[in-house]
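Presented below is the structure to which this report refers.
The values are calculated or read from the model by the stated rules, or taken from the named source; none is laboratory data. If you're wondering where the values come from, they're calculated on a predicted model, not measured in any experiment. Note that we place each Cβ from the backbone using ideal geometry, even for glycine, and neighbour counts take in every protein chain shown.
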Amino acid sequence: MCLLRNEGQLLPLQKNLQRIAVIGPNANIARLGDYTEAALEGSSQGMLEQIRKLVSPQTTVSFADGDDIAQAVALAKTADVVILGLGEWLKISGEGFDRSDLDLPGNQEALLEAIVGTGKPVVLVLQNGRPLSVTWAARHVPAILEAWYPGEFGGRAIAETLFGDNNPAGRLTITFPRSVGQLPDFYDHFPSRKDSYIEGDSSPLFVFGHGLSYTTFKYDQLAVGTPSMDDDFTVSVRVANTGTREGDEVAQLYVRQETASVVTPVKALKGFSRIHLLAGESKTVLFRLKPASLAVWGASQQWKVEPGKYTIFVGGSSQATLSSQFTL
């Protein structure tokens, strides 16, 4: 589960809410993804049924599939919170199922905007096999949970995450573009790529490595051991849980080679470590850099670690700003 957005700490939801509206084509089913025809997708493990099992007996959980937008809007107006289950389905994402755009398919964008227009708190849960350009949602929906194709027990995992039994710690392994016009869009691009090549905002919607938690983390005390072109050396950083809940953080280490015989990426992921921290707890994370991980296919047509300056970035995504330099 990747928590992409959580403005105003809308999530996790309280289990004793009076009225919850669960709406959308992916609200009553756990999507399995490509090559799963042998396993039938059903409603018993969809998030609707799993939410009903998890909330208090006094909570009313209502459902609409969203085909009739007016009906869905009427239902949303009666609720304390709306959980929207949108995204893709089996025969739209997978081998042989390319798309011409990355927008929400069918009437889902119209449904989304109509539900948000009610003024009710909205949680968007996405089940999909590729990044979607949910740019409008990222501006107007306070909470977005990316569940991908979660599998047969996906509805249970989604429900437990929405109501706080699970503190999400998933991180994006791919960049979310703002529109299909941004493609290709990836974090480890060459310095020659300029923002002006793209009309409008060229920044990603959600960057590689992004993912939120129900708690917060702070990084400091970054230190680089004795660098070597022949032996492993270490990079250490202190990570502190500065929130009120225990949770997992995924510390990520990126490297930029400042000088090289060939063009190198602006940064590249060289290590990550998932750690569990209690509220107020801190730990020192130790990364071990192997010289081979710094090698480039250079002008000599060989893999080689080249001398020069390197910059290390450590943090919770590819936008990590805590940095230090070393020289080989």
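Laid out as a table, the results:
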{"read-out": "Residue match in the range 309-328 (condition: modelled with pLDDT under 95, within 19 Å of Ala240 (Cβ to Cβ) and surrounded by fewer than 15 Cβ atoms within 10 Å (Cβ to Cβ))", "value": "yes"}
{"read-out": "Residue tally, condition more than 13 Å from the chain's Cα centre (by Cα), part of a loop (DSSP other than H, G, I, E, B) and over 22 Å from Leu104 (Cα atoms), over the range 135-181", "value": "7"}
{"read-out": "Leu162 vs. criteria more than 19 Å from Ser100 (Cα to Cα), surrounded by fewer than 20 Cβ atoms within 10 Å (Cβ to Cβ) and touching a Leu at 6+ places or on another chain (Cβ under 6 Å)", "value": "no"}
{"read-out": "Yes/no for Gly209 being surrounded by 21 or more Cβ atoms within 10 Å (Cβ to Cβ) and of a type in the set (Gly, Ala, Ser)", "value": "yes"}
{"read-out": "Condition broken by Arg256, with the remaining ones in (1) under 22 Å from the mean Cα position of the chain (by Cα); (2) not in a loop (DSSP other than H, G, I, E, B) satisfied", "value": "(1)"}
{"read-out": "Of the criteria (1) closer than 22 Å to Met1 by Cα; (2) at pLDDT below 95, which one Gln127 fails", "value": "(2)"}
{"read-out": "Any hit, the range 214-225, residues being of a type outside the set (Phe, Trp, Tyr), without any contact (Cβ under 8 Å) to a residue 12 or more places away in the chain and out of contact with any Leu (no Cβ under 6 Å at 6 or more places or on another chain)", "value": "yes"}
{"read-out": "Count - residues of the range 117-134 that are part of a loop (DSSP other than H, G, I, E, B), of a type outside the set (Gly, Ala, Ser) and under 27 Å from Gly96 (Cβ atoms)", "value": "5"}
{"read-out": "Where Leu112 falls short, out of the listed (1) of a type in the set (A, V, I, L, M); (2) free of Cβ contacts under 8 Å to residues at least 40 places away in the same chain; (3) more than 10 Å from Leu84 (Cβ to Cβ)", "value": "(3)"}
{"read-out": "Filter result (of a type in the set (A, V, I, L, M) and without any contact (Cβ under 8 Å) to a residue 12 or more places away in the chain) within the range 71-101", "value": "Ala74"}
{"read-out": "Members of the range 216-230 that are polar (S, T, N, Q), over 30 Å from Ser179 (Cα atoms) and not in a strand (DSSP E or B)", "value": "Thr226, Ser228"}
{"read-out": "Count of residues meeting criterion [in a loop (DSSP other than H, G, I, E, B) and of a type in the set (D, E, K, R)] in the range 270-328", "value": "3"}
{"read-out": "Members of the range 30-69 that are touching a residue at least 24 places away in the same chain (Cβ under 8 Å), of a type in the set (A, V, I, L, M) and more than 18 Å from Pro12 (Cα to Cα)", "value": "Ala30, Leu32, Ala39, Ala64, Ile69"}
{"read-out": "Count - residues of the range 235-246 that are crowded, with 21+ Cβ neighbours inside 10 Å and in contact (Cβ under 8 Å) with a residue 60 or more places away in the chain", "value": "2"}
{"read-out": "Given (1) of a type outside the set (D, E, K, R); (2) touching a Leu at 6+ places or on another chain (Cβ under 9 Å); (3) surrounded by 14 or more Cβ atoms within 10 Å (Cβ to Cβ); (4) in the same structural domain as Leu132 (by TED's automatic domain parsing), index of the condition Val180 fails", "value": "(3)"}
{"read-out": "Meets criteria (in contact with a Ser or Thr (Cβ under 7 Å, 6 or more places away or on another chain) and without any contact (Cβ under 8 Å) to a residue 60 or more places away in the chain) for Leu104", "value": "no"}
{"read-out": "Positions within the range 211-255 being over 15 Å from Gly280 (Cα atoms), at pLDDT 95 or above and not β-branched (Val, Ile, Thr), in sequence order", "value": "Gly211, Leu212, Gln221, Leu222, Ala223, Ser236, Ala251, Gln252, Leu253, Tyr254"}
{"read-out": "For Arg139: the one exception among (1) of a type in the set (Lys, Arg); (2) closer than 24 Å to Ser100 by Cβ; (3) in contact (Cβ under 8 Å) with a residue 40 or more places away in the chain", "value": "(3)"}
